[in-house]
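Asker: Quick one: structure below, then a few questions.
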């Protein structure tokens with residue numbers, strides 16, 4: 001990449017016959033243009049003058065500097081900043097801090113919120129959680145596993161809990177235990193010095209408080225998404241893909257927990273990704289499958305056409321599927 005940037009800048013500089021004011025206008029005045037002569041000076045013996053040598057040296061230094069700026073800017077822009085979305089329930093709020101947006105993750109927390117809301121409702125009916133709403137903030141942004149592990153306290157109008165979801169798996173049972181702990185008579189706040197204690201150690205200490213809590217509440221299964229012959233249910237705290245058992249499908253197969261890519265349909269075909277495997281399903285039967293060894297941080301985008309389905313990552317297409325031939329084609333070329 002650095003070599004390409006240097007070459008591109010060098011070619012651009014050459015087109016204008018030296019680094020002139022015209023060239024540097026595109027840099028918004030960040031760098032002054034050197035006052036170089038286009039022709040240069042030649043001595044009687046054909047030796048370049050000191051002025052031309054200095055001018056050429058300055059030109060190359062500026063070209064290198066610009067290339068470095070382009071390279072650095074590209075590296076910075078390649079990593080998106082942290083962002084957050086907030087899901088509001090009647091009794092529970094979940095704010096998720098993320099770096100790469102995932103529709104599956106958002107669907108998970110949306111489904112989870114509904115169940116936790118009903119669980120908190122039952123506790124409030126017994127006179128618990130009188131201060132107000134429970135507010136969860138969960139860190140999921142990649143490369144942030146070193147951030148604060150857990151913070152828990154209550155305030156005048158509610159309850160607050162911060163969790164590092166990169167260190168502690170965030171499950172329905174785990175958050176239900178925290179809500180139960182807030183509702184108990186012997187609860188204690190948990191705040192620690194993150195400069196002295198690592199996140200995993202802080203969570204280990206905190207989890208000792210809630211490990212003995214037993215959740216007896218029965219969470220109902222909910223239909224979240226329905227395709228041709230495959231449905232996604234929120235069961236036992238997971239987004240589970242399974243055949244629709246209404247007499248229209250050939251079997252009642254359960255495929256597993258969806259991951260990496262949202263399920264979708266193309267005509268009569270359903271596409272479901274479980275782990276690293278993309279399944280093609282028709283009338284409840286798997287007619288093809290493809291093992292994708294690596295996945296980008298970005299959630300893949302799908303393009304559905306009458307005869308083709310294309311899969312693209314952030315910068316390039318990596319896979320294509322022929323509906324007529326029932327065949328996957330791996331795409332190596334990157335754009």
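The values are calculated or read from the model by the stated rules, or taken from the named source; none is laboratory data. Keep in mind that this is a model prediction, so the values were computed, not measured. Methodologically, a virtual Cβ is constructed for each residue, glycine included, from the backbone with ideal geometry; neighbour enumeration extends over all protein chains shown.
Asker: Would you check which residues across the range 136-159 are more than 22 Å from the chain's Cα centre (by Cα) and surrounded by 18 or more Cβ atoms within 10 Å (Cβ to Cβ) and list them?
Answerer: Passing the criteria: 151, 152, 159.
Asker: Can you report the number of residues in the range 163-180 which are farther than 18 Å from residue 218 by Cα and in contact with a helix residue (DSSP H, G or I) (Cβ under 6 Å, 6 or more places away or on another chain)?
Answerer: 3
Asker: Which one of 331, 278, 274 is surrounded by 13 or more Cβ atoms within 10 Å (Cβ to Cβ), over 17 Å from residue 103 (Cβ atoms) and either modelled with pLDDT under 95 or not assigned by TED's automatic domain parsing to the domain that holds residue 142 (or both)?
Answerer: 331
Asker: Can you report the number of residues in the range 289-299 which are buried (at least 16 other Cβ atoms within 10 Å of the Cβ) and either in contact (Cβ under 8 Å) with a residue 40 or more places away in the chain or more than 22 Å from the chain's Cα centre (by Cα) (or both)?
Answerer: Residues meeting the conditions: 2.
Asker: Report yes if some residue within the range 160-179 is over 30 Å from residue 224 (Cα atoms) and either surrounded by 17 or more Cβ atoms within 10 Å (Cβ to Cβ) or not assigned by TED's automatic domain parsing to the domain that holds residue 238 (or both); otherwise report no.
Answerer: no
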